[in-house]
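Reviewing the structure listed below.
Any read-out appearing in this document is the output of simple, stated calculations on the displayed coordinates, not a laboratory observation. Treat the numbers as computed from the prediction; the structure is a model and nothing was measured. For neighbour counting, all protein chains shown are included, and Cβ atoms are generated from backbone atoms with ideal geometry for every residue, glycine included.
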């Protein structure tokens, strides 16, 4: 326990160096003056008093060094000195610094960005209530291989929803564009028509106001509009009065009834307007509309996806027999929500991960070569340090200090690159690429560590320098 307290005291002593040094010098001067005063009282003249005090007191510098040893974490102090020395060296060699930092920034920035996308798509739980129970519901033509994930017919959707016993809820939706007008401001925005089941099925709660209901999700119903948090801020300044505000959509009157939570998106981050789809129970969609919306469903607790698939296949077979002209060879395909979002981009994300891994490797190799060239250019300096007794740890610190300074500078620029790049990659992740600080920081720490390891070869080369041979040759 005492050793731990001692180590913590040394660690605390490593900070506030200038004040600590001032206090140390003042304390030693006070002790030295006490010895001088004692000698003066003993009858010595001032010059002799100071000389005798100095002989008795001993080396001030050695005493200070002993105190520093006890009050600081020696390795931390040395690391700080090496780091500051490396920064001064980089400032004297801007070309070397720019090349190395630029190479690391590009490699680390691209890596962090792709890792953030991969984390959102492949690792992080989807931001919905019990997402493992949500599945996409597709139409599929058994005679055509390219229709495994086909849009559906509103007529089929009505029958699937009425006849199944495996889904807790089922929703349809379709994306489009709409012209929104509020006073003098007019803009075409992306919108989504959806059944009233969709947002509650995802477990989303309104940030302001409410969502449209089944009573509003009818043909020619009221234009009840839910807007994104982004639109609420950009168009209405985040004002509470936006809920209940009358606007024009597609030149028809509408009213804003709710605002979605910040960062919410479902398969398309650019959707700003949500409206009721208004599927007509009396309309024969099979005769008039073909297939155009998408569908999602939530499995009942305890129902497996294969069991749900079996029942939906049986329902599709009955519909094929009932509507042979429209449903001939058409069945149902269920797909887990995550798989539906990853399917189209999994190979792209994996390829990008491989690409940024190679890019990072090339960047580290470039930095290693630059550090190697720099240590070669400084071989006389290193040889002199070794010749006068420089320890291997101190020599290694010279090279590693450079690597640490370059890695920190490169990672700072890389973070700026990642902050700009991740939102641009959100389309690849169905709008779900995350700038999670934990993910980005963890990635950066790992990547910076890898970058520092790139200095292993130059460090080893520096430790093998023969000072006698180098000093004789030069």
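At a glance:
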read-out: Shape category assigned to region 90-244 from the gyration tensor of Cα positions, a/c cut at 1.5; value: oblate
read-out: Spin-label pair residue 213/residue 380, simplified geometry with 7 Å Cα→Cβ offset, distance in nm; value: 8.8
read-out: Peptides ranked, highest mean first, by Cβ atoms within 10 Å: ranges 215-221, 266-272, 180-186, 108-114; value: 108-114, 266-272, 215-221, 180-186
read-out: Simple label model, 7 Å out from Cα along Cβ direction - residue 250 to residue 30, nm; value: 8.5
read-out: Cα gyration tensor category, rounded, prolate or oblate, for region 228-303 with a/c compared to 1.5; value: oblate
read-out: Shape call, region 115-173: gyration tensor on alpha carbons, a/c limit 1.5; value: oblate
read-out: Added length on full extension, which subtracts the Cα-Cα distance from 0.36 nm per residue, residue 441 to residue 124; value: 112.5 nm
read-out: DSSP-defined antiparallel bridges as percent of all bridges, region 144-328, nearest 5; value: 75
read-out: Length added when fully stretched, residue 190-residue 270, from 0.36 nm per residue minus Cα-Cα; value: 28.2 nm
read-out: Evaluated at q = 0.08, 0.17, 0.18 Å⁻¹: base-10 log I(q)/I(0), Debye formula over Cα of region 144-328; value: -0.29, -1.11, -1.21
read-out: Rounded FRET efficiency, nearest 0.05, which uses the C-beta distance separating residue 179 from residue 151 and R0 of 35 Å; value: 0.90
